[in-house]
Amino acid sequence: MPRLRFAPSPNGRLHLGHAYSALLNADLARRMGGICRLRIEDIDPARSKPDFIDGIRTDLAWLGLTYPEPVRHQSRHMAAYRTALENLIARRLAYPCFCSRGQIRTRVASGAVGGERSCDPDGAPLYPGTCRNGDPGAVADRIAHGDPHTWRLDVAAALRCAGAAHGYVAFDDSGERRVGADPARWGDAVIARRDVPTSYHLAVVHDDAVEEITHVVRGRDLEAATDLHVLLQALLELPQPRYRHHSLMRDAGGEKLAKSRGSQTLADLRQAGVTPEAIRARLGFA
Ligand code: GLU
């Protein structure tokens, strides 16, 4: 049976872009004779707030969307992410990185590593590999000493391990097609943050597998991340879902809707007297 999911991060209230994604997932699940689960992606301890989780549940119920229980909250599964991370560390596919964002920016900008100045698909400077071949004794000392560090995927080692050719099946209403993936464009991506033993990338591939998700439907802003996700799936021997990356809602100025830009929320619209039916109609799900 097809299994989809809507996976918001509770670091703000939902806006029309989330409503579109949630309604599309529900609509596709219904058309495919499957189910759609809700997952709360709350790995960020500083930005995730219980009030936002309550808000998500209220907004989705208001839109007429219900989900099978129990709903998975990522913050409750840190031990599982740690196990996945330790698997990659034990195979020397991940290494600790002590660099701050500022240090990375400075290093990349100064060309200190002699590489090309380039960015990852999100526009962040590509990590220059400073900590990749750290002296094992010194690294162990720093970790024992409690020095803050992320864990990065050694993408070259990962590609040697999992093979260089990656891709996935993308689907839309007109059918399926094979898409090539280029995980290396993310460089040595962070797979575990300083504060928790995972990053979005590791947690999402782990959870899509645990929840047996067959079809991932999410915004186009995450399309490039799928390249990294298929590499992680290969390394961790996880099944690969099919993917659909939908277009993003834009505001009148052409900017993508975002919590950080203060886009009008579903709660604002509700307060202003807009009905769920009007939202559905506006988003093409009447
Ligand atoms: N939690 C992510 C977000 O709110 C979505 C993750 C996904 O669908 O893979 O942007």
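The values are calculated or read from the model by the stated rules, or taken from the named source; none is laboratory data. No experiment lies behind these values; they were computed from the predicted model shown. In this analysis, Cβ positions are derived from the backbone assuming ideal geometry, glycine residues included, and neighbour counts consider all displayed protein chains. Side chains are part of the model used for accessible areas, which takes the heavy atoms of the whole protein and leaves out ligands, DNA and RNA. Shrake-Rupley method; radii C 1.70, N 1.55, O 1.52, S 1.80 Å.
At-a-glance table
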{"read-out": "The chain - Cys residues lacking any other Cys C-beta under 4.7 Å", "value": "CYS36, CYS99, CYS119, CYS161"}
{"read-out": "Value of relative contact order over segment 105-174, rounded to a whole percent, pairs C-alpha under 8 Å and six or more apart", "value": "17 percent"}
{"read-out": "1.4 Å probe accessible area per residue over segment 159-286, in Å²", "value": "48 Å²"}
{"read-out": "Whole-percent carbon and sulfur share, accessible surface of the chain, 1.4 Å", "value": "50 percent"}
{"read-out": "Value of relative contact order over segment 1-123, rounded to a whole percent, pairs C-alpha under 8 Å and six or more apart", "value": "24 percent"}
{"read-out": "Under-5 Å amide H pairs with ARG152, H placed in peptide plane, nonlocal only", "value": "TYR95, CYS97, ILE191"}
{"read-out": "Between segment 209-242 and segment 183-199, the Cα center-to-center distance that results, in Å", "value": "15 Å"}
{"read-out": "All-pairs Cα distance distribution in segment 143-286, expressed in whole percent, bin size 10 Å", "value": "10, 30, 29, 21, 8, 1"}
{"read-out": "Ratio Rg/Rh [Cα only; Rh per Kirkwood] for the chain", "value": "0.98"}
{"read-out": "Alpha-carbon Debye profile of segment 1-110, log10 I(q)/I(0) at 0.14, 0.16, 0.18 Å⁻¹", "value": "-0.75, -0.86, -0.95"}
{"read-out": "Expected 222 nm ellipticity per residue - DSSP helices of 4 or more, -39500 (n - 2.57), all of the chain, to 500", "value": "-11000 deg cm²/dmol"}
{"read-out": "Among VAL169, VAL71, VAL190, residue whose mean-square fluctuation peaks in a GNM of the chain (springs only between Cα atoms under 10 Å)", "value": "VAL71"}
{"read-out": "C-alpha long axis of helix 16-32 to longest principal axis of the chain, angle in °", "value": "80 degrees"}
{"read-out": "Solution diffusion estimate, µm²/s, Stokes-Einstein, segment 110-197, Kirkwood Rh from C-alpha pairs, 10 °C, viscosity 1.306 mPa s", "value": "101 µm²/s"}
{"read-out": "Three-way shape label, segment 63-141, alpha-carbon gyration tensor, a/c 1.5", "value": "oblate"}
{"read-out": "The chain, relative contact order [Cα under 8 Å, separation at least 6], %", "value": "23 percent"}
